[in-house]
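Report on the structure given below.
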Ligand code: SAM
């Protein structure tokens, strides 16, 4: 369970209403049961549920079971699409260990608005699900042009480009990052965006194979290839 509170032995923590509901009604837990906690800073802790009602309760950390893990130095930049598919991208990026998830507004972005708080909550759930000790940060929607204006070239961009076909341009042989994967919207990038990205030294174009993938599939495919090549 993710809990935004310092974790230390014997220091009881009050559960939020949602957390108490989740533990009591969804997980069917009760006072005396053990649970694992993490807060993104103090590693993973075994804790005991000291008190649990439907909408409140307390847990007490007993011992640390895993040290704090550092997230891999990978960001995912993607143009939000339909709500359910955007949720899917955030969930999978969190599962596959992206440290930062950046929704970008491009010339052909389908969605003008995102609910950053909801996407961040999806990232927390995904991190809980896969037993990580950190939670990726989901940022607000950033215009791509502004993001590129302020881009620090030491973090290189892997631009997934469907126009780039051929095995020589896959992720095989990629050197250690920091990297940011960039996935376009359903309509792809505009000509001016393509020209801008092509002119940047820190951008590497990559192919995900000869098929044109849906943006959510492309995000998962690129993350998986990155993991296979550079994940630890
Ligand atoms: N506008 C394009 C078209 O209709 O031909 C398709 C865009 S595709 C649906 C959405 C995004 O997924 C692209 O901008 C790209 O980042 C990524 N993508 C999809 N297939 C890809 C592939 N085979 N290789 C690299 N990137 C791919």
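Each reported figure results from applying straightforward, stated rules to the coordinates on display, with no laboratory input. This structure is a prediction, so every number in the text was calculated from the model and none was measured. When we count neighbours, we look across all protein chains shown, and the Cβ atoms used for this are built from the backbone with ideal geometry, even at glycine.
Counting only helical runs of four or more DSSP H residues, what would the 222 nm mean residue ellipticity of the chain come to if each run contributes -39,500 (n - 2.57) and the total is spread over all its residues?
For the chain, the value works out to -8000 deg cm²/dmol.
Can you give the direction-averaged projected area of the convex hull of the alpha-carbon atoms in segment 1-41, in nm²?
Here the figure is 3.0 nm², rounded to one decimal.
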Note to self: With the crude spin-label approximation of a point 7 Å out along Cα→Cβ, what separation in nm comes out for residue 192 versus residue 84?
What the structure shows: 3.5
Margin query: How much length would be gained if the chain were fully extended between residue 230 and residue 18, taking 0.36 nm per residue of separation minus their Cα-Cα distance, in nm to one decimal?
Written below: 72.7 nm
Notebook entry, point to check: Over segment 124-189, how many percent of alpha carbon pairs lie in each 10 Å bin up to the one with the longest distance?
Noted result: 14, 36, 39, 12
Next item on the list: Would you mind giving the average projected area, over all directions, of the Cα convex hull of segment 13-66 in nm² with one decimal?
Entry: 3.3
Checklist line | Gain on full stretching of the segment that runs from residue 155 to residue 121 - 0.36 nm per residue minus C-alpha separation | finding: 9.6 nm
Margin query: Ratio of alpha-carbon Rg to the 2.2 N^0.38 Å globular estimate for segment 1-127, to two decimals, please.
Written below: 1.23
Next item on the list: Using only the Cα atoms, work out Rg/Rh for the chain, with Rh taken as the Kirkwood radius, to two decimals.
Entry: 1.05
Check: Using alpha carbons only, how many degrees (0 to 90, rounded to 10) separate the axis of helix 116-129 from the longest principal axis of the chain?
Finding: 70
Check: Calculated FRET efficiency, residue 145 and residue 4, Cβ-Cβ r, R0 30 Å, to nearest 0.05?
Finding: 0.35
Notebook entry, point to check: Do you know the relative contact order of segment 13-66, to the nearest whole percent, from alpha carbon pairs under 8 angstrom that are 6+ apart?
Noted result: 40
Notebook entry, point to check: At residue 217 and residue 164, where each label point lies 7 Å from the Cα along Cα→Cβ, what is the point-to-point distance in nanometres?
Noted result: 2.0
Next item on the list: Note the angle between two axes, namely the Cα long axis of helix 215-230 and the longest principal axis of the Cα atoms of the chain, as a number of degrees from 0 to 90, rounded to the nearest 10.
Entry: 80
Item checked: Between 0 and 90°, nearest 10: helix 83-95 axis offset from the chain longest Cα axis -> 70
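Only bridges whose two residues both fall in the chain count here: according to DSSP, what percent of them are antiparallel, nearest 5?
Expressed as a percentage, antiparallel bridges in the chain total about 40.
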Checklist line | nm² value of the averaged projected area, convex hull over the Cα atoms of segment 100-232 | finding: 8.4
Next item on the list: Could you list the residues of segment 17-58 with an amide nitrogen less than 20 Å from a label point located 7 Å from the Cα of residue 64 in the Cα-to-C-beta direction?
Entry: 35-48
Checklist line | Share of pairwise Cα separations in segment 187-232, more than 14 Å, in percent | finding: 62
